[in-house]
Amino acid sequence: DSTIQFVDLINCDREPIHIPGSIQPHGVLFVLQEPDLKILRVSSNTLSFLGVPPESLLNQSLSKLLDPYAFDSLKQSLSQLELENVNPLKLSLKLENKSLLCNGIAHRSQELLILELEHSLTPEVLSFLDLYHLVRTSASSIQKAKTLEELCQTAVKEIRKLTGMDRVMIYKFDPQGHGTIVAEDKPDTLSPFLGLRYPASDVPKQARRLYLENWIRLIADVNYQPVEIIPTTAHLYDQSLDLSFSVLRSVSPLHIQYLKNMGVGASMSISLIVEQKLWGLIACHHYSPKQIAYEVRTACEFLGQVMSSQIPYLEANEDQDYKLYLKSIQNKLIEYVFAENNFENNFTDGLLKHQPNLLNLAQANGAAIWFNGDCKVIGNTPEREEIQALVEWLAQTMSQNVFQTNSLPLLYPQAETFKEVASGLLAIAISANQYILWFRPEVIHTVNWAGNPNKPVEIDEDGTERLSPRGSFELWQETVQLTSQPWKPCEVEAVDELRTALVGIVLRQANELAKLNQ
Ligand code: BLA
């Protein structure tokens, strides 16, 4: 544990998780020298996995474990520059009194060849044709999804069917890196995680970097004992062995603790990558240990890629649909204003008294119209005096026709007293004494954290408390304090267009009044 002693909950984004020096025990790892495939290093679990002590393999050729024909054909496969396409290598190992069928997964790292062996699980569990059929059907359902929500929902269903994991979720990152569970498939007996939020630090930076290069990772048993690779870095090599692309890479002990605190027995995640950025993860939990065959993992990786490729189109559609929706609201509001606008009345009733109303134009929870000293409100808003003071502040502050912030209390400290209703403010000025304001509550009050849906396992120390969903949620709350959901550019544009229309109406009315008075 020499690396971890410098890493704690505060600086865990510095833990060098790509060079753990050890692997998970559900396979063995060889570091080989080409072209003879001499074993330079090996994981120390070969006795239990292969029946051969690791020391007896060091500096030997891998041919010790294979018959001559199999060895030659392996060498042939491994001589290729690009190894992705040779995996998995089907290897029949020749051991003392039996032969053992393995999946070999090879890649190069620091000019060395790394060969990992896992038990070949597929034939008993799933035939090639079954798997092919499943994947084809899943991929086509994923491609048929018409909305982002449907895409996410389909993906969790299909991945759960394919892997047999207990719970499959889509964990989506926001621009700050915080995450929300946006889709979930699970048995009814498990309590839901859907809608829960977690701070960016739950998937630290270096892990995100790794997940951008690697589509998939499996933690087959959170209670595993890490297996050292010998000889250890310290005595033979000046460089630690980079396991970024190893399928058996041992997992950060902090993350293992997190999973244990959640009651999880095995975890797998598949990257969702859009425009070279980590858009989210398909996160899978099992409540007991679970080995997933290499072939099934590859199928999941493929589905992750199919899903990733659909995301930008569906997001663009969604954006387009939302803009059309806002446009239709805008048109209706202007219609109402025209219908209600007369000399006793002003535009305020038209904006407030119908369905849809001002709130719909900006997905706000409250709105206020300040009209020559008069204040009319709808939804959840600050008190009249608070709005008056805010309008006075706006009159001084606004340099453009539209003002927006998703953290009003940081700019205007008095707003902290009404942060529950107005941490976000979007405002337009119609004239020197006429304003329309839209309010959004502090994000925390918009999140449904129904009781304690994922009761962590008994926790006593402070550190482990933080490494739990409950602790995470508390940290997430802190990081989003005094902020609302941000206003989308199309919402800002929609209120700006409303402003232009209202200014036109007000001017025309003033002209008509002036004519009448002549
Ligand atoms: C990795 N953190 C991860 C992964 C997920 C999460 C999905 C990917 C690895 C995996 O498949 O398990 C986070 N998992 C979640 C969340 C949910 C979930 C939010 O199921 C919600 C339901 N993690 C912490 C803290 C630290 C931390 C406080 O919460 C550090 C102090 C570290 N998380 C951490 C590290 C990794 C990680 C280091 C990388 C693990 C690895 O690949 O070695």
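Structure summary
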item	result
Descending Cα extents along the principal axes, segment 20-137, whole Å	46, 35, 34
Convex hull of segment 127-173 built on C-alpha atoms - directionally averaged projected area, nm²	3.6 nm²
Residue order, fewest to most surrounding Cβ atoms within 10 angstrom, among 285, 119	119, 285
For segment 172-218, size of Cβ-based charge dipole, Lys and Arg +1, Asp and Glu -1, in debye	260 debye
Which of 102, 300 has the fewest Cβ neighbours within 10 Å, and the rest in rising order	102, 300
Between helix 68-78 and the chain: long-axis angle, C-alpha atoms, 0 to 90°, nearest 10	30 degrees
Per-residue Cβ neighbour rank within 10 angstrom, fewest leading, 315, 392	392, 315
Compactness index (Cα Rg / 2.2 N^0.38 Å), segment 250-310	1.25
Cα convex hull volume per residue for the chain (Å³)	182 Å³
Under 19 Å from the Cα of residue 94 - lysines, other chains or at least 8 residues apart	38, 64, 75
Partner lysines for residue 161 [C-alpha distance under 29 Å; skip if fewer than 8 residues away on the same chain]	90, 144, 146, 172, 186, 260, 277, 290, 455
Residue among 267, 314, 503 farthest towards the positive dipole end of the chain, charges placed on Cβ	314
The chain, helix-only ellipticity at 222 nm - DSSP H runs n ≥ 4, -39,500 (n - 2.57), divided by all residues, nearest 500	-12000 deg cm²/dmol
Between helix 469-479 and the chain: long-axis angle, C-alpha atoms, 0 to 90°, nearest 10	40 degrees
Degrees, to the nearest 10: 148-163 long Cα axis against longest axis of the chain	20 degrees
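Just so you know, all these numbers are worked out from the coordinates, no wet-lab data involved. Worth saying up front: this structure is predicted, and the values here are computed from it rather than measured. Positions of Cβ are generated from backbone atoms using ideal geometry, with glycine treated the same way; all protein chains shown enter the neighbour counts.
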